[in-house]
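Before any comments, here is the structure.
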Amino acid sequence: MTSDISIRREDGVVVVTPVGEMDAVTSPALAQALDEVLTAPLPRGVVVDLAKVGFCDSRCIGVLVSAFRQARDLGLGLIVAEPQQQVNRLFVIAGIDQVIPISASTGTAVESLRR
């Protein structure tokens, strides 16, 4: 299955929205999108909106952790927003929720990074 990724800015915060499944085939595109966002003129922060991602595997988790570390090293916040139940469960099992902030709402995530 393929994945589409959109990128938009909201008040200086970049929102990256992948759609579809994030697996070994599609996760590299997410990694590239996040790398481009984090190496462009620096945003206030980055929100990865997972509301339309129905599946996420270990490769996707690796991409998110790497992007979180890169953002942290740049002094930026990175928040994962609106993961579907199955994806959120994987984050909890893997302990990702203890590393990367997870928000139930993309709007709330954007607002918290704007401050």
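The values are calculated or read from the model by the stated rules, or taken from the named source; none is laboratory data. Here the structure is a predicted model, which means the values were calculated and not measured. Here the Cβ is made from the backbone with ideal geometry for all residues, glycine too, and neighbour counts use every protein chain on show.
Sort out which residues of segment 78-94 are surrounded by fewer than 20 Cβ atoms within 10 Å (Cβ to Cβ) and not in a helix (DSSP H, G or I), and write them in order of number. Scanning segment 78-94 gives a single hit, Gln84. Of the residues Phe91, Phe68, the single one that is in contact with a strand residue (DSSP E or B) (Cβ under 9 Å, 6 or more places away or on another chain), closer than 24 Å to Leu42 by Cβ and free of Cβ contacts under 8 Å to residues at least 40 places away in the same chain is Phe68. So which of Asp49, Asp23 is of a type in the set (D, E, K, R), in contact with a strand residue (DSSP E or B) (Cβ under 8 Å, 6 or more places away or on another chain) and within 17 Å of Ile7 (Cβ to Cβ)? Criteria check complete, one pass: Asp49. Each residue in segment 32-61 was checked for being closer than 19 Å to Val92 by Cβ and either buried (at least 21 other Cβ atoms within 10 Å of the Cβ) or in contact with a Lys or Arg (Cβ under 7 Å, 6 or more places away or on another chain) (or both), and 6 of them qualify. Tally the residues that are touching a helix residue (DSSP H, G or I) at 6+ places or on another chain (Cβ under 7 Å) and either under 19 Å from Ser58 (Cβ atoms) or surrounded by 15 or more Cβ atoms within 10 Å (Cβ to Cβ) (or both), restricting the search to segment 9-31. Of the residues in that region, 12 qualify.
Here Pro18 clears all of (1) in contact with a strand residue (DSSP E or B) (Cβ under 7 Å, 6 or more places away or on another chain); (2) modelled with pLDDT of 95 or more; (3) within 17 Å of Arg69 (Cβ to Cβ) except the condition numbered (3).
Counting the residues of segment 95-113 that are over 11 Å from Ile79 (Cβ atoms) and part of a helix (DSSP H, G or I) gives 4.
Being among the aliphatic types (A, V, I, L, M), touching a Pro at 6+ places or on another chain (Cβ under 8 Å) and surrounded by 20 or more Cβ atoms within 10 Å (Cβ to Cβ) is a description that does not apply to Leu64.
Among residues of segment 56-102 being among the polar types (S, T, N, Q) and more than 11 Å from the chain's Cα centre (by Cα), the one that is farthest from Ala29 (Cα to Cα) is Gln98. Taken over segment 24-52, the criterion of being part of a loop (DSSP other than H, G, I, E, B), of a type in the set (Val, Ile, Thr) and within 17 Å of Leu74 (Cα to Cα) is satisfied by no residue.
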